[in-house]
Amino acid sequence: MGAPANDELRTNLHRMWGSVADGWAAHADDVDARSAALTAAMIRATEPRAGDRVLELACGPGGTGLAAAPLVEPGGEVVLSDVAPEMVTIAAARAGALGRTNVRTRTLDLEAIAEPDAAFDVVLCREGLMFATDPAHALFEMRRVLRPGGRVALAVWGPQARNPWLGILLDSLSEQVGMPVPPPGIPGPFSLSDADRLRALLHDADLADVGVREIELVQSAPSFAEWWDRTVALAGPVSMILGGMPAEGVQAIRARADAAAQAYTSASGLDFPAVSLLATARRP
Ligand SMILES: C[S@@+](CC[C@H](N)C(=O)[O-])C[C@H]1O[C@@H](n2cnc3c(N)ncnc32)[C@H](O)[C@@H]1O
């Protein structure tokens, strides 16, 4: 398995994530709340226990690893890691605010994990693998850093049409610019939304007990304006494209998204359905 291709693309993608880190810091608690059922399922599937070493990859503000941290006491440790140092700083601050003494942070690329072989009992990755330029290679890396018998749980978004909380923004943007966003060949939030492909990738990485299942979530916002602000702040590629557009273009996209969002009006504002794919496996 060679090194991932296209270093320039990877470098740009990694920088792009760093550029939206402030948005992730501002909305970290919302993100954890909207993903709570997913996080719980990831924890149940991997059963972190006292003494375990847990690695969270693509951690962003670190909500998944932080949920595992109390479970590995005494004697265990959680490493929160992300390719963007700005995200790692946020995760470290959140761990500090919680007074967690068994959490370390590291800047790590999930496509080339700078950790020794067989160093972890559990690998967690919530909504990160689909941004890899070479997810097959990334899965080999996850397997490599797991000890034999070690468990992995990773979540990726299901199909775009079933995730209107983000899909309507990408559709509105694509219509405005007259081409798909993200363009073909660029990894995006729905790059691994085919459950069969995901399952095959885990099998091909020589992982055992592979399971892929859907977790249904609801993404709520009190108003369209709040949904827009939060989603744009978090969606790295979108935020960059909008930042480079004239104000009328952004307004047109916003108006299209507003019209599409009306279908999800609820008593409390907006309730968008969301579907994540939870993949679980162990290193034989
Ligand atoms: C959608 S966010 C998810 C953050 C976090 N896991 C969560 O669920 O709150 C995607 C994260 O993946 C990180 N990321 C993207 N490519 C990565 C890579 N190659 N290696 C490690 N992290 C990566 C980004 O910096 C970002 O923090």
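Things worth noting here:
- Global geometry of the stretch 27-137, whether rounded, prolate or oblate, following the gyration tensor of its Cα atoms and the 1.5 cut on a/c: rounded
- Cα lying deepest toward the dipole's positive end in the stretch 47-120, options Ser81, Gly96, Ala69, charges on Cβ: Gly96
- Computed log10 I(q)/I(0) for the stretch 197-284 at 0.18 Å⁻¹: -0.85, from the Debye equation with unit scatterers placed on every C-alpha and solvent omitted.
- Debye intensity ratio I(q)/I(0), log10, the stretch 112-263, q values 0.18, 0.21 Å⁻¹ (C-alpha model): -1.06, -1.29
- Modelled spin labels at Glu248 and Arg147, positioned 7 Å past Cα toward Cβ, are 6.4 nm from each other.
- Taking 0.36 nm per residue of sequence separation and removing the Cα-Cα distance, the Ser268/Asp194 pair yields an extension gain of 23.5 nm.
- Mean separation of Cα contacts under 8 Å, 6 or more apart, over the residue count of the chain: relative contact order %: 21
- Probe 1.4 Å, protein heavy atoms only - accessible area per residue of the chain in square angstrom: 41
- Residue among Leu124, Ala247, Leu13 farthest towards the positive dipole end of the chain, charges placed on Cβ: Leu124
- Restriction of the trypsin sites (Lys or Arg not before Pro) in the stretch 254-284 to DSSP coil positions whose beta-carbon has at most 10 other beta-carbons within 10 angstrom yields no sites.
- Amide proton proximity set for Ala118, modelled H, under 5 Å, gap of 5+: Val145, Leu146
- Only protein atoms count toward the accessible area here, which uses a 1.4 Å probe; on the stretch 119-170, the carbon and sulfur part of that area reaches 60 percent.
- Bridge type composition, the chain - antiparallel percent by DSSP, nearest 5: 55
- Taking 0.36 nm per residue of separation and subtracting the current Cα-Cα distance, fully stretching the chain between Arg104 and Asp204 would add 32.9 nm.
- Estimated [θ] at 222 nm from DSSP helical runs (n ≥ 4, -39500 (n - 2.57)) normalised by residues in the chain, nearest 500: -13000 deg cm²/dmol
- Three-way shape call for the chain based on the alpha-carbon gyration tensor, with the a/c threshold at 1.5: prolate
- Contour minus Cα-Cα distance for Ala93 and Asn6 (0.36 nm per residue): 28.1 nm
- Residue by residue, the stretch 43-53 carries 3J(HN,Hα) couplings of 5, 4, 5, 9, 6, x, 9, 3, x, 5, 9 Hz when phi is fed to the Karplus relation 6.51 cos²θ - 1.76 cosθ + 1.60 (θ = phi - 60°); x denotes Gly or Pro.
- With contacts taken as Cα pairs under 8 Å at a separation of at least 6 residues, the stretch 87-171 carries a relative contact order of 28 percent.
- Think of each Lys and Arg Cβ as +1 and each Asp and Glu Cβ as -1; about the Cα centre, that makes the dipole of the chain roughly 500 debye.
The values are calculated or read from the model by the stated rules, or taken from the named source; none is laboratory data. As the structure is a prediction and not an experimental result, all values here were calculated from the model. So basically every Cβ, Gly included, is an ideal-geometry build from the backbone, and we count neighbours across all protein chains shown. What goes into the accessible areas is simple: the full protein's heavy atoms, side chains included, and nothing from ligands, DNA or RNA. Shrake-Rupley method; radii C 1.70, N 1.55, O 1.52, S 1.80 Å.
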